[in-house]
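Undergrad: Below is one structure. I have some questions about it.
The values are calculated or read from the model by the stated rules, or taken from the named source; none is laboratory data. In this text, all values refer to a predicted model and were calculated from it rather than measured experimentally. Backbone-built Cβ (ideal geometry, glycine too); neighbour counts: all protein chains shown.
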Amino acid sequence: MSNDALGEIAVLSAIYCEQDEFQLLEESAETGLVYRINTLTERNNEKTPLSLIFRLPPDYPNNPPDISISSSHLSRKQCHDLRNSLLGTARSLPAEPMVHDLILWLQENFSDLINTASFHSVEIRPEIEDESWMALLHIDHMRSKAKYVKLIEKWTSDLCLTGRLFIGKLILILLQGTKENIKEYIHLHRTVKVDVDSSGKRCKEKMMSVLCEIPSSEEKILMRTFEVKDILSLDELKREFDLVGLTELYNQYVSSLI
């Protein structure tokens, strides 16, 4: 990574220094830097939390970052439009560190951007709106259960994902949301240190498997929140899938694990 990119991280971590405001997610000479910034922006005297993930390529700032935006106070459509506006601004800036400038630009223009996105939302064709997807993940074990679960709950909240975390003989994560946000969740789960090893040191999840990633029909799925469920028996686990209309998913992907 360039000295500019590393220097910018030092500045950003000093500016966004409160708990959970800045988090370095990945650092690699091959793929670049990935970090999250949680911030607040104001519109009509109401504060809106924004979670922004910046992916900086190895040759940044010669090439601008990719950006993901999520917020529990905004619709998927609004987050999608904000992202597109921010990416367009990033491409227009000179090849120098720009992340802080992008955040300031977003805060200054937030109200106008939201109003414009809301006004034009009826003109967006359904086929280009964010498609709803679903994923089912299998985790082998949790050594540091409380911290592990807390991190999963944080990620699903930040990425506006609904679903279930089933903890029992099998540990399964059932997710529903946009395809982009589900892929971002899987990336985080594989690259961030989420558990501890046998010696108590923090470690990445190496035994998580993606059982499926498929388009979902929202009207057939009853999940509207993300919930953690302690499952005492396999019969109870099957009932949970039945309750959200996913018996076929259980039969196809979970039965083979038993």
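Undergrad: State which residue is surrounded by the fewest Cβ atoms within 10 Å (Cβ to Cβ) when the search covers only region 49-70 and only residues that are polar (S, T, N, Q) and over 17 Å from the mean Cα position of the chain (by Cα).
TA: Checked region 49-70; the qualifying residue surrounded by the fewest Cβ atoms within 10 Å (Cβ to Cβ) is ASN62.
Undergrad: Just checking, how many residues over region 98-126 are assigned to a helix (DSSP H, G or I), at pLDDT 90 or above and surrounded by 18 or more Cβ atoms within 10 Å (Cβ to Cβ)?
TA: Result for region 98-126: 4.
Undergrad: How many residues, within region 80-97, are modelled with pLDDT of 90 or more and more than 19 Å from SER51 (Cβ to Cβ)?
TA: The number of residues fulfilling the criteria is 2.
Undergrad: Name the residue, out of ILE167, ILE214, ILE171, ILE186, that is in contact with a Phe, Trp or Tyr (Cβ under 9 Å, 6 or more places away or on another chain) and either in contact (Cβ under 8 Å) with a residue 12 or more places away in the chain or among the polar types (S, T, N, Q) (or both).
TA: ILE214
Undergrad: Give me the strands (runs of 3 or more DSSP E) completely within region 161-249, filtered to those with at least 1 residues that are aliphatic (A, V, I, L, M) and surrounded by 20 or more Cβ atoms within 10 Å (Cβ to Cβ), ordered by residue number.
TA: In region 161-249, 162-167, 171-178, 193-196 are the strands (runs of 3 or more DSSP E) which contain 1 or more residues that are aliphatic (A, V, I, L, M) and surrounded by 20 or more Cβ atoms within 10 Å (Cβ to Cβ).
Undergrad: Oh, and also: When region 3-27 is examined, which residues are found to be without any contact (Cβ under 8 Å) to a residue 24 or more places away in the chain and small (Gly, Ala, Ser)?
TA: ALA10, SER13, ALA14
Undergrad: Can I ask one more? Condition test on THR247, is it within 15 Å of ILE152 (Cβ to Cβ) and modelled with pLDDT of 85 or more?
TA: It is false that THR247 is within 15 Å of ILE152 (Cβ to Cβ) and modelled with pLDDT of 85 or more.
Undergrad: To continue, here is another question. Within region 127-137, does at least one residue satisfy the condition of being buried (at least 17 other Cβ atoms within 10 Å of the Cβ), in contact with a strand residue (DSSP E or B) (Cβ under 7 Å, 6 or more places away or on another chain) and more than 21 Å from GLY245 (Cβ to Cβ)?
TA: Checking region 127-137: not a single residue is buried (at least 17 other Cβ atoms within 10 Å of the Cβ), in contact with a strand residue (DSSP E or B) (Cβ under 7 Å, 6 or more places away or on another chain) and more than 21 Å from GLY245 (Cβ to Cβ).
Undergrad: If you don't mind, there's one more thing I want to ask. Please go through region 1-26 and pick out each residue that is within 18 Å of the chain's Cα centre (by Cα) and either on the phi > 0 side of the Ramachandran plot or at pLDDT 90 or above (or both).
TA: Within region 1-26, ASP20, GLU21, PHE22, GLN23, LEU24 qualify.
Undergrad: Here's a follow-up. Can we say ILE214 is outside the structural domain of LYS77 (by TED's automatic domain parsing), touching a strand residue (DSSP E or B) at 6+ places or on another chain (Cβ under 8 Å) and modelled with pLDDT under 85?
TA: Judged against the criteria, ILE214 is not a match.
Undergrad: Can I ask one more? Among what's in region 5-22 and is surrounded by fewer than 15 Cβ atoms within 10 Å (Cβ to Cβ) and in contact with a helix residue (DSSP H, G or I) (Cβ under 9 Å, 6 or more places away or on another chain), pick the residue that is farthest from LEU50 (Cα to Cα).
TA: Among them, the one singled out is VAL11.
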